[in-house]
1. Report every pair of residues separated by at least 6 positions or lying on different chains whose Cβ atoms are under 7 Å apart, first residue within region 26-54 and over 15 Å from residue 125 (Cα atoms) and among the β-branched types (Val, Ile, Thr), second surrounded by fewer than 15 Cβ atoms within 10 Å (Cβ to Cβ) and modelled with pLDDT under 95.
2. Select from region 38-54 the residues that are at pLDDT below 90, of a type in the set (D, E, K, R) and touching a helix residue (DSSP H, G or I) at 6+ places or on another chain (Cβ under 8 Å) and list them in ascending order.
3. Residues 22, 81: which one is within 12 Å of the chain's Cα centre (by Cα) and of a type in the set (S, T, N, Q)?
4. Any residue in region 106-117 that is over 9 Å from residue 89 (Cα atoms) sitting within a Cβ distance under 8 Å of a residue that is in a strand (DSSP E or B) and hydroxyl-bearing (Ser, Thr, Tyr)? List the pairs, counting only those 6 or more apart or interchain.
5. Do you know which of the residues in region 19-60 that are closer than 26 Å to residue 111 by Cβ and of a type in the set (Gly, Ala, Ser) is surrounded by the most Cβ atoms within 10 Å (Cβ to Cβ)?
6. Restricting attention to region 73-119, report how many residues are exposed (fewer than 14 other Cβ atoms within 10 Å of the Cβ), more than 20 Å from residue 45 (Cα to Cα) and in contact with a strand residue (DSSP E or B) (Cβ under 6 Å, 6 or more places away or on another chain).
7. Please verify whether residue 7 is farther than 15 Å from residue 107 by Cβ, surrounded by 13 or more Cβ atoms within 10 Å (Cβ to Cβ) and either under 15 Å from the mean Cα position of the chain (by Cα) or of a type outside the set (S, T, N, Q) (or both), treating the condition exactly as stated.
8. Hey, any hits in region 111-132 for a residue that's touching a Cys at 6+ places or on another chain (Cβ under 8 Å), under 21 Å from residue 20 (Cβ atoms), of a type outside the set (Phe, Trp, Tyr) and not in a loop (DSSP other than H, G, I, E, B)?
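The values are calculated or read from the model by the stated rules, or taken from the named source; none is laboratory data. Keep in mind the model is a prediction, meaning the values are calculated, not measured. Every residue, glycine as well, gets a Cβ built from its backbone with ideal geometry; the counts of neighbours run over all protein chains shown.
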Amino acid sequence: MSDLRLSAEDATDLEVISTCLQDAVAQVRDFAFLPNARRFAMVVNRFRWENEAKGGKAHERARAGLHFENVLGVKARNISQDRRDGVLNLLAVRFDELNAPSGIVTLIFSGGGEIRLEVEALDAHLSDLGLVWDTPNLPAHDE
């Protein structure tokens, strides 16, 4: 097993990261916007979908870090930020270009929650942090 390390500089690249992060879970306390550094960072427990495609014997989750550079502003919708222990399920990450190369990154969570990042240019990085564990649960979605 190798640790996943991906970068994205356009919407197509970000789709790959989004696929790897589908059904990742995180607590609100694990999100941070660092305005002086123009960085948004989060730590998640991602489901290792790549193992499912290989027919792995056990379902696995891995601790992973995701960060975005060039972030000018952050807005949250339908996320209770006063509940720092609240758990969110990440469904997708999307990039909508406005005036190239700037745009909006949207982190979409189950239950209608969203975090929108205004970016000067898309610069995203996903890295596994080394901790991997078995889980009996396979994420499922209604068709």
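1. 28/81; 28/83; 28/84; 28/86
2. Filtering region 38-54 down to residues at pLDDT below 90 leaves 49-54.
When the remaining residues are screened for being of a type in the set (D, E, K, R), the result is 50, 52, 54.
Selection gives 50 alone.
3. Numbers: 81 fails: within 12 Å of the chain's Cα centre (by Cα).
On inspection, the qualifying residue turns out to be 22.
4. 114/106; 115/106; 116/106; 117/106
5. My answer is 24.
6. Here is the first cut: in region 73-119, the residues exposed (fewer than 14 other Cβ atoms within 10 Å of the Cβ) are 73, 75, 77-78, 80-85, 87, 96, 98-100, 110-112.
Checking the rest, the ones that are also more than 20 Å from residue 45 (Cα to Cα) come to 73, 75, 77-78, 82, 96, 98-100.
Still in the list and also in contact with a strand residue (DSSP E or B) (Cβ under 6 Å, 6 or more places away or on another chain): 73, 75, 77, 96.
Adding up the residues that qualify gives 4.
7. Details: farther than 15 Å from residue 107 by Cβ: yes; surrounded by 13 or more Cβ atoms within 10 Å (Cβ to Cβ): yes; either under 15 Å from the mean Cα position of the chain (by Cα) or of a type outside the set (S, T, N, Q) (or both): yes.
So residue 7 passes the test.
8. We begin by selecting, within region 111-132, every residue touching a Cys at 6+ places or on another chain (Cβ under 8 Å); these are 126.
Still in the list and also under 21 Å from residue 20 (Cβ atoms): 126.
Still in the list and also of a type outside the set (Phe, Trp, Tyr): 126.
Imposing the further condition that a residue be not in a loop (DSSP other than H, G, I, E, B) reduces the set to 126.
So far as region 111-132 goes, yes, one or more of its residues are touching a Cys at 6+ places or on another chain (Cβ under 8 Å), under 21 Å from residue 20 (Cβ atoms), of a type outside the set (Phe, Trp, Tyr) and not in a loop (DSSP other than H, G, I, E, B).
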